[in-house]
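K.L.:
Structure below; questions to follow.
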Amino acid sequence: MGSFDRLATTTASTKRVGAVVSGLTPDPTTSIASMYCIPLMNLDADLAQEYEFRFREVLQTFVKGSQDIQEGDLLVISTVEYPIRAVENWPWKDEVLLRLIVDQVK
């Protein structure tokens, strides 16, 4: 078991909105049914300003890098849905992770 696997203790899933049909946007459906991430944590204030998040709490988490996750997807932890605002590669030790920046409206 790698060191990231020991830190990734939160079970999450993702949802994605499908294509607009006849002007109607469908409800989000499950994209990734189950994955592990590290618990959500606050994003530092400077980076939050860079992403211009206001009136919401900015959080981040990390998952293994081979996941099909896109900006605009929803990260679901328990029953709470967090809009994913940014996805970026994050090299860490001998693994490549994805850093997910999410927000929660206050």
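K.L.:
With respect to the numbered conditions (1) touching a Lys or Arg at 6+ places or on another chain (Cβ under 8 Å); (2) closer than 17 Å to A33 by Cβ, which one is the sole condition not fulfilled by E88?
P.N.:
Single failed check for E88: (2).
K.L.:
Working only within segment 1-33, note down all residues that are in contact with a strand residue (DSSP E or B) (Cβ under 9 Å, 6 or more places away or on another chain) and within 15 Å of T61 (Cα to Cα). Spell out how you get there, then give the answer.
P.N.:
Taking segment 1-33 and keeping what is in contact with a strand residue (DSSP E or B) (Cβ under 9 Å, 6 or more places away or on another chain), we get 2-5, 7-18, 27-33.
Once the filter is applied, which keeps residues that are in contact with a strand residue (DSSP E or B) (Cβ under 9 Å, 6 or more places away or on another chain) and within 15 Å of T61 (Cα to Cα), segment 1-33 yields F4, D5, L7, A8, T9, T10, T11, A12, S13, T14.
K.L.:
Still on this structure, please answer the following. Failed condition for P83, given (1) of a type outside the set (A, V, I, L, M, F, W, C); (2) assigned to a helix (DSSP H, G or I); (3) modelled with pLDDT of 80 or more, with all others met?
P.N.:
Going through the list (1) of a type outside the set (A, V, I, L, M, F, W, C); (2) assigned to a helix (DSSP H, G or I); (3) modelled with pLDDT of 80 or more, P83 breaks only (2).
K.L.:
Right, another one. Inside segment 13-47, can you point out the residues that are over 21 Å from G65 (Cα atoms) and of a type in the set (D, E, K, R)?
P.N.:
If the condition is that a residue be over 21 Å from G65 (Cα atoms) and of a type in the set (D, E, K, R), then D27, D44, D46 are the ones that fit.
K.L.:
Sticking with this structure for a sec: Write out, first by first residue and then by second, each pair whose Cβ atoms fall under 8 Å of each other, whose residues are 6+ apart or on separate chains, and whose first residue, in segment 35-46, is within 21 Å of G2 (Cβ to Cβ) while the second is of a type in the set (F, W, Y) and modelled with pLDDT of 90 or more.
P.N.:
Between residues of segment 35-46 that are within 21 Å of G2 (Cβ to Cβ) and residues that are of a type in the set (F, W, Y) and modelled with pLDDT of 90 or more, the close pairs are C37/F62; I38/F62; L40/Y82.
The values are calculated or read from the model by the stated rules, or taken from the named source; none is laboratory data. The structure presented is a predicted model; accordingly, all values stated were derived computationally and were not measured. FYI the Cβ positions are ideal-geometry reconstructions off the backbone, even for glycines, and counts take in every protein chain you see.
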